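The values are calculated or read from the model by the stated rules, or taken from the named source; none is laboratory data. Note that the coordinates shown come from a computational prediction; the quantities given were computed from them, not determined experimentally. Every residue, glycine as well, gets a Cβ built from its backbone with ideal geometry; the counts of neighbours run over all protein chains shown.
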Amino acid sequence: MKYDFAAIEKKWQKRWEETKPYAAVTGDKRPKFYGLIEFPYPSGQGLHVGHPRPFTAMDIVTRKKRMEGYNVLYPIGFDAFGLPTENYAIKNHIHPAIVTKQNIANFTSQLKMLGYGFDWDRCVDTTDPNYYKWTQWIFLQMFKKGLAYKTTMPVNWCTSCKCVLANEEVVNGVCERCGSEVIRKEKSQWMLKITAYAQRLLDDLEDVDFIERVKIQQRNWIGRSTGAEITFDTNVGDRVTVYTTRADTLFGTTYMVISPEHPLLKEWQPKIKNWDAVAAYQEEAAHKSDFERGELNKEKTGVRLEGIEAMNPVTHKPLPLFVSDYVLMGYGTGIVMGVPGHDQRDWEFATKFGLPIIEVVKGGDVTKEAFVAKDDSAVMVNSGFLNGMTVKEAIPAMKKYVVEQGFGKEKVNYKLRDWVFSRQRYWGEPIPLVHCDKCGWVALPEEQLPLVLPQVESYEPTDDGESPLSKMTDWVNTTCPCCGGPAKRETDTMPQWAGSSWYFLRYMDPHNDKALASKEALEYWSPVDWYNGGMEHTTLHLLYSRFWHKFLYDIGVVPTKEPYAKRTSHGMILGEGGEKMSKSRGNVVNPNDIVAQYGADTMRLHIMFIGDFEKAVTWSNEAVKGSKRFLDRCWNLMDLAQDSDELSQKNEALIHKTIKKVTADIDDLKMNTAIAALMAMVNEFYSSGLTRGDLQQLMLLLSPFAPHMVEEMWELTGYAGKTGKMAMQMPWPAYDEGKTVDTHVDMAIQVNGKLKGAVTVPAGSDQETVMAAAMELDKVRKAAEGMTVVKTILVKDKLMNLIVKP
Ligand code: ANZ
Ligand code: ZN
């Protein structure tokens, strides 16, 4: 019988649709396992070959968990708000809600085609008002706790999307989405105070099982540093404060730099003699990204503030003040003390502007470049009371000094910035606030949620950067929930990251209309046991959702501090030729084509076989055939298997070993080596025969990888009838450690280094036993006839070499 994958897959998908073997049961007595993958953005292009990699891996993990007796939750949904849909809608004059529906329908059929064990009854869609009601509700709780605030600030503005971007959405100075120039613009924005959680987001990484590179990236992004704030007097009355991690270098400070956006500049305008030059410089800086501004080895620019001078509090020497864009407004105090001897950017700046460079840490030649000591055992010079101390000693000594003298204090800083939460776009969750001239910003009463996105005429953002909602005066004008007077609705919408910040909670109880999820469901399913997702989300979604979860924990909504117990990450799938898949390169692989040609089971198996899960791999259409061939071979074993349900004696050790290997490999996401072990087992079955009992074990082990084919085989070999169960409902095969060791081994026999044959002997046999077996071989006997054995070399369980002489 031929392996008719198309008919088989159709049959079983229909069966699963009807019998729902993947339904998760809240409150069930079995231990729970919640496996999560990042829900897809339903783009118009449909599923691409990158999606099945994480989806299949977690599908295998959760299928095995089910067989191990767990009550498994493996959900799916759609993260459907966002720009691409909106842009498509604008171009084609279709409402984004309609585009979204079509795209979700397409994705759904593709995901079903791949046979994933999702609990489809729990599917969520972030654009569904029943869903975003709770996104809005969480936002309101944050607003009420003072974690959402509106402020005017310089923001990243994409010149093409006409939209504000979060720092994380600006990559190398350009818009992450469209690649266009990003400039700085002053805008009033809703912000979420993620910085209030910086320390906890850092500390609690200790309690979770995230792969190390995820932890490192999050730590770096949070960027905790400990230093001091030091205050300097100026000749114009105001005092200026800097943040430094190197208080020890205060004696080496020869100038100061203020950020172009610093509000003090405006105050000083009447006192700055060259104001025009300063203003022109400010304008120039507005067109650069933080990334460009912070780069090393880039020509430093700046303007001296004529008429203004500060004073070094320890040397009492005057310090010129400059405005320069290498100092960012968003970090520390927006002012730095220039220490050109020991900071490379300061050195470049001082060299360009002819400022004195003083060595205060011994070890380099500061006339050539800044000396940045590799460890803190370097010694201080030219530094008064610090002389002779190591850097390690001098930092706290100077901190203590500035505190005692009253011009400084210890300070912890974080690189993490508050989260810009407004978007001037249509296709997002409306922000449920109104502004009243009397009462200020007022929350909508909860019973008015969801605040539904109204229909508009056009979705284009306005040229002044306001959301299209701002043109809907009927909707905008409303009454104040607080005083009943006239008020206006907020017209900005939430960023794409909003809906995904809590979706994993909704899966626990997706149809609840009283709460985001019931207490019972939250208690039962929390936390997510295993979350796999892309490295590109480490400092975005993964951090944002940890923040929201901690907030929900604080207000008593969720039972755990952390949302995810474990986090792993997969590598990318590159197109043929090793390049990123893209439409322009024409190397995009569509899973539909692979499935049509070889079947979903081959697609699943292959995507797991092609390489180490955490590394990037190159797709090859040719290589898929190898995976198909393997499934054909598995299928054809049905014709070879002897009519016995027992394990065969000769395959027993191999089967126990393979169970052990596949079990451990799935837990480690080493699906490729698990498949290799199954392939080796199948090869052995072909060379030495098998029983139906042997085949049964193969079917169970293969079931998470190729579920459709296995169910069909399970039925055809009679096990479905015998057990009344599908293979996927059987217990996961157990192995006996004692039986995983080979009882017999094959050893090569050589005479004078030439291979003469092989013998099968008990494992661990001594020389005498192997010799006896070797002498049974004709070739060995002939070669040794009439000769004297002068030496015997035995490599245990592998080889014996007889050195003979006449
Ligand atoms: C003097 C100094 C001497 C510094 C030295 C460094 C080396 P981390 O460790 O990343 O927290 N800095 C402070 N605020 C800044 C801003 N708004 N824009 C650009 N640079 C700023 O970095 C802290 C150091 O970065 C601070 O310590 C300050 O330079 C600079 F040998 O002060 B340092
Ligand atoms: Zn009011």
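Any residue in the range 252-272 that is buried (at least 23 other Cβ atoms within 10 Å of the Cβ) sitting within a Cβ distance under 6 Å of a residue that is among the small types (Gly, Ala, Ser) and at pLDDT below 95? List the pairs, counting only those 6 or more apart or interchain.
From residues that are buried (at least 23 other Cβ atoms within 10 Å of the Cβ), the pairs are Pro260/Ala285.
Enumerate the pairs (first residue in the range 544-571 and surrounded by fewer than 17 Cβ atoms within 10 Å (Cβ to Cβ); second residue anywhere and of a type outside the set (Asp, Glu) and part of a strand (DSSP E or B)) with beta-carbon separation below 6 Å, excluding pairs fewer than 6 apart on the same chain, so at least 6 apart or on different chains.
Lys566/Trp530
Of the numbered conditions (1) in contact with a His (Cβ under 9 Å, 6 or more places away or on another chain); (2) closer than 30 Å to Trp157 by Cβ; (3) hydroxyl-bearing (Ser, Thr, Tyr), Thr249 satisfies every one except a single condition; which is it?
(2)
Within the range 347-371, work out how many residues are under 26 Å from His262 (Cβ atoms) and either within 7 Å of ligand 1 (Cβ to nearest atom) or outside any helix (DSSP H, G or I) (or both).
Going through the range 347-371 one residue at a time, the tally reaches 6.
Is it true that some residue in the range 508-522 is surrounded by 13 or more Cβ atoms within 10 Å (Cβ to Cβ) and either within 16 Å of ligand 2 (Cβ to nearest atom) or farther than 30 Å from Leu73 by Cα (or both)?
Within the range 508-522 (the criterion being surrounded by 13 or more Cβ atoms within 10 Å (Cβ to Cβ) and either within 16 Å of ligand 2 (Cβ to nearest atom) or farther than 30 Å from Leu73 by Cα (or both)), the answer is no, since none of the residues qualifies.
Answer yes or no as to whether Glu446 is touching a residue at least 12 places away in the same chain (Cβ under 8 Å) and either within 16 Å of ligand 2 (Cβ to nearest atom) or not assigned by TED's automatic domain parsing to the domain that holds Pro75 (or both).
Yes; evaluated as a whole, the condition is true for this residue.
Look through the range 460-480, keep the residues that are more than 23 Å from Glu186 (Cα to Cα) and of a type in the set (Ser, Thr, Tyr), and return whichever of them is nearest to ligand 2 (Cβ to nearest atom).
Among those that are more than 23 Å from Glu186 (Cα to Cα) and of a type in the set (Ser, Thr, Tyr), it is Thr479.
Could you run through the range 199-209 and say how many residues are assigned to a helix (DSSP H, G or I), touching a Lys or Arg at 6+ places or on another chain (Cβ under 7 Å) and either among the polar types (S, T, N, Q) or surrounded by fewer than 20 Cβ atoms within 10 Å (Cβ to Cβ) (or both)?
4
Which one is farthest from the chain's Cα centre (by Cα) among residues in the range 394-453 that are part of a strand (DSSP E or B) and within 16 Å of ligand 1 (Cβ to nearest atom)? Spell out how you get there, then give the answer.
Taking the range 394-453 and keeping what is part of a strand (DSSP E or B), we get 408-413, 419-420, 423, 430, 433-436, 440-443.
Restricting the remaining residues to those that are within 16 Å of ligand 1 (Cβ to nearest atom) gives 408-413.
Working: Gly408: 40, Lys409: 37, Glu410: 34, Lys411: 31, Val412: 27, Asn413: 25 Å.
Among residues in the range 394-453 that are part of a strand (DSSP E or B) and within 16 Å of ligand 1 (Cβ to nearest atom), the one farthest from the chain's Cα centre (by Cα) is Gly408.
So, in the range 140-195, exactly how many residues are charged (D, E, K, R), buried (at least 20 other Cβ atoms within 10 Å of the Cβ) and not in a helix (DSSP H, G or I)?
1
How many residues does the range 354-373 contain that are within 20 Å of Val323 (Cβ to Cβ) and without any contact (Cβ under 8 Å) to a residue 60 or more places away in the chain?
Number of matching residues: 1.
For the range 281-298, does any single residue satisfy the condition of being at pLDDT 95 or above and farther than 29 Å from Trp419 by Cβ?
yes
Residues Val303, Val323, Val339, Val327: which one is within 13 Å of ligand 1 (Cβ to nearest atom), within 19 Å of Asn235 (Cβ to Cβ) and touching a strand residue (DSSP E or B) at 6+ places or on another chain (Cβ under 9 Å)?
Exactly one residue qualifies, and that residue is Val323.
Working carefully through the options Thr673, Thr658, find the one that is assigned to a helix (DSSP H, G or I), out of contact with any Gly (no Cβ under 7 Å at 6 or more places or on another chain), surrounded by fewer than 22 Cβ atoms within 10 Å (Cβ to Cβ) and at pLDDT 95 or above. Before you say what the answer is, go through the steps one by one.
Working: Thr658 fails: surrounded by fewer than 22 Cβ atoms within 10 Å (Cβ to Cβ).
That would be Thr673, the only listed residue that is assigned to a helix (DSSP H, G or I), out of contact with any Gly (no Cβ under 7 Å at 6 or more places or on another chain), surrounded by fewer than 22 Cβ atoms within 10 Å (Cβ to Cβ) and at pLDDT 95 or above.
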